[in-house]
Structures are given as structure tokens and as C-alpha cells.
Amino acid sequence: MSRKWWFTIAALLVTATLYRNRLRAYLEQASANVRDFDLPSAGAYDALVGSVLEGFYARVAGEVAAAYPGGKVLEIGSGPGRLAMRLAREAPGMTLTGVDISGAMVERAARRAAGAGLSERARFEVGDVAALPLPDGEFDGVVSTLSLHHWPEPPLGLAEIHRVLKPGGEVRIYDLAHWLWPPAWGGDRLARMAAASPFGEGEVEVVRWPGSVPAFIVLRLRRAREAES
Ligand SMILES: C[S@@+](CC[C@H](N)C(=O)[O-])C[C@H]1O[C@@H](n2cnc3c(N)ncnc32)[C@H](O)[C@@H]1O
């Protein structure tokens with residue numbers, strides 16, 4: 001065998017060893033970061049995904065601000081805070097609490113609010129939708145975008161959202177459409193999940209907004225008023 005072949009084989013062996021010992025560990029860590037929305041993926045998400053979704057956030061903010069112009073609103077999975085900032089600007093009478101399981105996202109959102117001079121009305125904290133660090137019956141409305149498909153147990157999340165809503169309060173959950181997120185196929189599974197939750201029933205709609213994400217689902221659930229329950 002020529003020297004060139006020996007050199008190629010040796011280079012391949014070194015690469016394989018490097019991959020096993022270092023590259024694989026690095027790739028595993030990077031993919032865990034992406035899954036957990038920890039740094040640096042919180043920044044990458046904000047720059048690459050968040051920025052192209054501005055049209056989507058504008059539309060959601062318009063709907064939510066019209067529904068609760070002066071209320072207390074909770075955003076679940078608030079990510080880098082882009083929707084929260086739009087909401088705070090659009091509805092000056094609204095106070096916002098953002099909860100996200102990722103500390104890196106919470107830091108980012110808090111920095112964005114401080115930069116915009118909106119920290120007084122928009123605060124962010126780390127928390128899991130399945131065990132919200134918030135009191136009962138606190139919010140007029142709850143909103144969540146593109147987060148539901150990350151929740152390991154969505155029924156626990158719905159029960160917690162129901163607990164923190166005031167009687168008569170409503171949650172609007174916007175998420176990937178059925179073709180992007182198989183659990184939402186046809187909306188039927190979501191409708192069944194809503195029916196089995198403390199909300200009892202809900203409305204599931206597949207929406208297309210031109211110039212926004214191609215299609216997504218909106219799950220609207222209302223907590224019954226005392227007299228209705
Ligand atoms: C795809 S990002 C969406 C962020 C933002 N809502 C948006 O529309 O750009 C999903 C967010 O949900 C958060 N998240 C995932 N699981 C969660 C949980 N169990 N409780 C609270 N937040 C969660 C993630 O940390 C992440 O910030």
C-alpha cells in the first residue's frame with residue numbers, strides 16, 4: 001500500500017477517535033441546549049426564529065390586546081419576550097407576567113423589557129406550566145404561542161392555567177398546525193384534551209394568516225364563572 005493510503009487511513013482513525021471522544025460530547029451538549037432553549041440556543045432562536053415571526057406576533061398581540069385591554073395577562077413559554085413587548089405597547093393598561101422553563105429565555109425577555117422601558121408592566125420568571133409559581137384566580141387572560149408542543153404533559157398545563165385564571169377568564173393557545181405537530185392532527189385530540197381538562201370544553205380552530213407561519217391551531221378555553229360551574 002502506498003504512503004498516501006496509509007496517511008488517509010491514519011487520518012480517518014484519528015477523526016473517528018476525535019468524534020467519539022470530543023465531537024460527540026459537543027454535539028450531545030449542543031442538542032441538549034437546543035432542546036432546553038438554553039444558551040446559546042435562546043439567542044439563536046431569538047435572532048433566527050423570533051425575528052421572522054414578527055407578523056405572527058403582531059396578529060396575536062392584536063387579538064389578545066383587544067380581548068384584555070386593561071387586564072392582567074399571563075404568557076406561558078414567553079421565550080425571548082417578543083410577543084410580550086408587542087402586547088405591552090399595544091395595550092398600555094395591561095400588566096404582563098411571562099413564565100418560561102428556560103432561565104436563558106427569561107433573562108433575555110427581562111433584558112428586552114428593560115431596554116424598552118417596560119419592566120414595570122412586564123415581568124418574567126422561570127417556571128413550568130405544569131406547576132406554575134403563581135396564585136389561584138390571578139389572571140384575566142392567558143396566552144401562549146408555539147410552546148404547547150414542548151410540554152411533556154399538556155393536561156397538567158391546562159389544569160394549572162385553569163387554576164390561575166379568574167372565573168370568566170380565557171386562555172388562547174396558538175401552536176403548530178396538525179401537519180407540523182402530529183398530536184394536533186385534525187384538532188380532535190386537542191378538543192378531547194380540552195374536554196377532559198377542568199375547562200370542560202374548548203374551541204379548536206386551524207387558522208391561516210397570510211404572511212405568517214403557514215397554518216397553526218388556536219385553542220380557546222374559558223374558565224366558567226362561579227354561577228356557571
Ligand atoms: C418555540 S419557543 C416559543 C417562544 C415564544 N412563545 C415564541 O412564540 O417565540 C417554546 C418556549 O416554550 C418554553 N417551554 C417549553 N416547555 C415549557 C414548560 N413546560 N413550561 C414553560 N415553558 C416551557 C421554552 O423554554 C421556549 O421558550
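Scanning region 184-214 for residues that are modelled with pLDDT under 60, within 21 Å of Leu53 (Cβ to Cβ) and either touching a Ser or Thr at 6+ places or on another chain (Cβ under 9 Å) or surrounded by fewer than 15 Cβ atoms within 10 Å (Cβ to Cβ) (or both) gives Pro210, Gly211, Pro214.
Residues in region 130-150 that are surrounded by 19 or more Cβ atoms within 10 Å (Cβ to Cβ) and part of a loop (DSSP other than H, G, I, E, B) were compared, and the one that is farthest from the ligand (Cβ to nearest atom) is Leu132.
Identify the residue in region 102-120 that is touching a Gly at 6+ places or on another chain (Cβ under 7 Å) and open to solvent by 40 Å² or more (accessible area, probe 1.4 Å) and, among all such residues, is farthest from Ala67 (Cα to Cα).
Narrowing region 102-120 to residues touching a Gly at 6+ places or on another chain (Cβ under 7 Å): 105, 108-109, 112-113.
Filter once more, keeping what is open to solvent by 40 Å² or more (accessible area, probe 1.4 Å): 108, 112.
Details: Arg108: 27, Arg112: 24 Å.
If we take residues in region 102-120 being touching a Gly at 6+ places or on another chain (Cβ under 7 Å) and open to solvent by 40 Å² or more (accessible area, probe 1.4 Å), then Arg108 is farthest from Ala67 (Cα to Cα).
Here Glu160 fulfils each of the conditions (1) crowded, with 18+ Cβ neighbours inside 10 Å; (2) assigned to a loop (DSSP other than H, G, I, E, B) apart from (2).
The values are calculated or read from the model by the stated rules, or taken from the named source; none is laboratory data. Computed from a predicted model, the values in this text were never measured in an experiment. Positions of Cβ are generated from backbone atoms using ideal geometry, with glycine treated the same way; all protein chains shown enter the neighbour counts. Just the protein is used for accessible areas: all its heavy atoms, side chains included, with ligands, DNA and RNA removed. Shrake-Rupley method; radii C 1.70, N 1.55, O 1.52, S 1.80 Å.
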